[in-house]
Structures are given as C-alpha cells and as structure tokens.
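Worksheet for the structure shown next.
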Amino acid sequence: MLSGKRALKGPAKLAVPLTTFLATLALLLGIPAAGAVAADGVEGETFVIGTDTTFAPFEFRENGELVGIDMDLLNAIAEEEGFNVEIQSLGFDAALQSLQSNQVDGVIAGMSITDERRQVFDFSDPYFESGIQMAVAENNNDVAGYEDLRGKRVAVKTGTEGQTFAESIKDDYGFEVVAFAQSAQMYDDVKAGGSVAVFDDYPVLAYGVASGNGLKTVTEKEAGSSYGFAVNKGANPELLTAFNDGLADLKESGEYDEILDTYLEAGAKDSSFWSLITDNGPAFAKGMGLTLLATALSLLFALVLGVFFGFLKVGSSRILRGIATVYVSIFRGTPVLVQAFFFYFGLPQIIGQPVDVLTAGVLTLSLNAGAYMTEIVRGGIQSVDPGQMEAARSLGLGYGKTMQKVIIPQAIKIMTPSFINQFVITLKDTSLLAVIGFAELTYQGQQIYAVNFRTAEVLIIVAALYFIVITLLTKLADVLDKRFNK
C-alpha cells in the first residue's frame, strides 16, 4: 500500500512539488501526456479508501456487499486506471479523521467540496452536482415551507451540506438545529416527532422516499455544491490524477450516466420480517462472529492484565501499587468511547504507524476490562480471611506457597461471579466499536436499516441476537463454575 504518509518521507518529500512543477510546465507547453504519466504511477498499487456507512444511494449494503454510486464509480475508475482499492466503511466523520491521521489514502463519501475543506484536503474534479431539500413526516400537513419552522426543531446530518444550509437560515426562520451521525437516525427523529423536518441532499432524500422512509419532500431543491473525491493536502497526487482521468473516461463512454440512473431511479426492495432476517443473515452472522472474536481476544488480554496488576495492588511495594492504581484510575475514569477514538485516531499520529480497527478495538476493550479485572483480583485476594495466611505461615509455608495452595484457590471461587459479569459487560461493549467502523453486530444492523429504513425491526433482531448469545454463554460459564469451583 502506498500511504500518503510514506509518500512524504525522505526524498519523496521532493516528489510532490517536483511533480506539480513538471505537470504545470507540461500543461503550459501543451503536452497532453502529463496526466497519463502521473496516472501510470498507480498501476498495480492498492489504495485504502474510507467511506460513509449510511449514505444511500451513494454507499450502502446490499446482500452484504457495499454498493452505491460512490462505490460503483470508484471501482469502475480503479479498473479503468489499473489500480486496486480496499474500502473501509467507517462513517463520514470517522472517514475524514482516518484520512487526516493517514489511516486511509483517500475518502469518497458524497463529500461536498467547500473552501474550508480545500484548506485540508485536495479534491478531484466534481463527480456529482448536489442540492439541498427539506422533508417532513408524510402525515405532517402543518409544515410546507421554511416559514412554518419558527420555534420548532429540525434534524440534519453532522458535517453535511444540509447542516450548513440549515445553520445559514435558522436565525431568519427562528428554528433550532440538531445534528445526527446518520441519515436513518434523523429520519427516525422526524417520524418520532422529535424534529418536524430534515434537511438532506436531494438524491439521498429521493432514494429514502422511494424506499418508504416515511417522509415527503415539501420544498424545491436549493442550489448546492459539488461532491468530490479527497486526499490529504499534497499527498497522493497520482491517485487524484488517476481518479480524474478515469472519471472523464466514464463520462465520455456513458457508463457514468448508467451508474447514476441505476441508483437515483430506484429504492430499496420491500420485504417481510422473515425476509429481513434471511436476506441479511450473512451480515448478521459476520457481525456476531467479529463480536465474539473481539470479546474473546479482549478478555484473554484483560485477564492477563487483571492478574498482573491485581497482584501488584496487593503487594508490599508502594511504587508497584502506585503504578497499578494509576492504570486502574485512567481506564476506569475515562469513557470507553474516548479510549476507542484515541487508539484508532490518536495513537497512529503518535507512533507514526496506522492501527487497524480490530487492533484498536481489542486494545480498547482489553485495557478497559483489565482495569476492572484488576480490582476483581485485588478484591478476591483480600476477601480471603487474613487468618488463612497467618495459619499457613505458622505451619512453615513460604509466602509463595501460601498464596498458591491456600489463598488463590479460595480467591478464585470468590472472583468467578465477577469475572462472568465482566465477560458479559465486555461482550456488550463491543457495540461501542461501531463508531470507529469495526464491523461487529451493531455496526451490521446500522448498515441494514440505513438502506431499508426499518430501524425498529432491525434493532429488535440485533437485540435478540445479543440476548441469545449472552444467555447461552452465561449458562455455559455457570456450568463450568459449578464443575470446577464447587
């Protein structure tokens, strides 16, 4: 993979200005092969591209595969220009943060080209002309325009052109703006009555209304900006050139129009509740598999950390007790979400190396659960009657033998129920990793209802799967506890 960070190291630092100078000189001299020369540099290369999770019709899951206008355009351009792409579906905000921290090489996520973003990113030629529309619940006949919003609340998606437009007119029409991370969430807020209207990109609203999202548009399209593919400022110029060349070829061949027509004129297929389960079975199964994998790895490392720091906390060294106390205080005293953001977005900027999402997730859950297990171990050992230690030592057993033969066996019986409880908590905490794009069960559910807008039904299925798995594993843990400890 040719990452943007690696491209700027050492002699490569000279590559960007040199390439820019040569390209400009060639353009001035009328040499048409300049772009082709740069595009040739991507042939055979693999680029990691970040994208949104819930932005139909530009990117969404269909039969477990990520499809949409952005995905089809990017794949067609990659095939045309001879490079490979590895897609990471992260969410809009997370994709931009991943690009800035060099976790991905580029982002395509229906992103508007704005002056503020031009200061941070380099954009491709526009590949879609957007616009903003307002929609309300389909049974709402009281709101037909901006003047009916006074004193009410409207929903927007964080960081989108819809949010910018709503913020620009809210004082004129006297309404409040509330931002959500996903389109499906703001649609549900409008249907539930929390907000009376939503501002969103017109193709997204058109696809949602065609799919039966329960809304209707009530205003004409407002002029909007253009969507573009983005890379970090000054990084991956050859990828940007290849994208522009491929896009031009697609428009000339007519394939560009075919891709847009495929998605803008269609909505999601309607289906029964049972079909909802069977059609998305592979996605649910993949999500549950990754949930269990992250839980198992995290608990294994957390157990090691918990035993190590737990013994430090009951030891005689004040310094070692202090180290264990600091560790526990940090990871019990900060939210898991903040820890997940740090390990996925912050740590790569500190160490200068990308951290994959599974590693970041396991690090987060291991260190967090390890802090709680430290206290479980400490509490278990200190719960054993001190007279047990004194009696063993009076019989001539050393400290180590006393701990091994007398204290630890009793402490394990005391600790086991708390360990089982921590196991359940850690398994449920994996759902928090959806915010950094880890494709566990909750993430898969978000992908599914983002397309069909059947939020309640999908969440019931997700909750039922968590309940079944946690109940079965808790029963298994109880059986093992009775067999070995009683």
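Side notes on the structure shown:
- Whole-percent carbon and sulfur share, accessible surface of region 188-329, 1.4 Å: 61 percent
- Derived scalar couplings ³J(HN,Hα) [region 426-432; Karplus, 6.51 cos²θ - 1.76 cosθ + 1.60; whole Hz; x for Gly, Pro]: 5, 4, 5, 5, 4, 4, 5
- Charged-residue dipole, Cβ positions (Lys, Arg, Asp, Glu), the chain about Cα centre, Debye nearest 20: 4200 debye
- Share of carbon and sulfur in the accessible area of region 46-90 stands at 31%, probe radius 1.4 Å.
- Heavy-atom accessible area with a 1.4 Å probe sorts VAL469, VAL107, largest first, into VAL469, VAL107.
- Theoretical gain in end-to-end length, ALA144 to ASP125 [0.36 nm per residue, Cα-Cα removed]: 3.3 nm
- Over 30 Å (Cα to Cα) - which of LYS152/LYS221; LYS157/LYS428; LYS428/LYS482; LYS313/LYS413; LYS286/LYS482 fall in this group: LYS286/LYS482
- Rounded to the nearest 20 debye, the dipole size of region 247-335 about its Cα centre is 1620 debye, using +1 on the Cβ of Lys and Arg and -1 on the Cβ of Asp and Glu.
- Euclidean distance of C-alpha centroids, region 222-238 and region 152-215, integer Å: 24 Å
- Tilt relative to the chain, helix 441-452 - C-alpha long axis, 0 to 90 degrees, to 10: 30 degrees
- On region 379-462, 61 percent of the accessible area sits on carbon and sulfur atoms, based on a 1.4 Å probe.
- Here each label is just a point 7 Å from Cα along the line to Cβ, and for VAL307 and GLN349 those points are 3.8 nm apart.
- Placing a label point 7 Å from the Cα of ASP257 along the Cα-to-Cβ line, the residues of region 117-146 whose backbone N sits under 18 Å from it are 127-129.
- A Förster radius of 25 Å combined with the Cβ-Cβ distance from ILE277 to LEU473 puts the calculated FRET efficiency at roughly 0.70.
- Paramagnetic reach from SER317 (point 7 Å along Cα→Cβ, amide N under 15 Å) across region 385-405: none
- Label point at ALA248 placed 7 Å out along Cα→Cβ; residues across region 66-87 whose backbone nitrogen lies under 14 Å: 81
- Rounded if a/c under 1.5, otherwise prolate or oblate - region 34-125, Cα gyration tensor axes: oblate
- Extension gain for ALA296 to LEU459 (0.36 nm times residue separation, less C-alpha to C-alpha distance): 56.3 nm.
- Shape category assigned to region 98-167 from the gyration tensor of Cα positions, a/c cut at 1.5: prolate
- Cα gyration tensor category, rounded, prolate or oblate, for region 192-305 with a/c compared to 1.5: oblate
- Distance (nanometres) between label positions extended 7 Å along Cα→Cβ at LYS221 and ASP171: 3.0 nm
- Counting only protein heavy atoms and a 1.4 Å probe, the chain has 47 square angstrom of accessible area per residue.
- Cα convex hull of region 81-207 - mean projected area over all directions, nm²: 9.2 nm²
- Radius, Kirkwood style, for the chain when every pair of distinct Cα atoms is counted (Å): 25.6 Å
- You can think of it this way: the chain between LYS413 and LYS482 has 23.9 nm of extra reach, that is 0.36 nm per residue less the Cα-Cα gap.
The values are calculated or read from the model by the stated rules, or taken from the named source; none is laboratory data. All values reported here derive from a predicted model rather than from experimental measurement. Note: ideal-geometry Cβ built from the backbone for every residue, glycine included; neighbour counts use all protein chains shown. Protein only, heavy atoms only, side chains kept; ligands, DNA and RNA dropped before computing areas. Shrake-Rupley method; radii C 1.70, N 1.55, O 1.52, S 1.80 Å.
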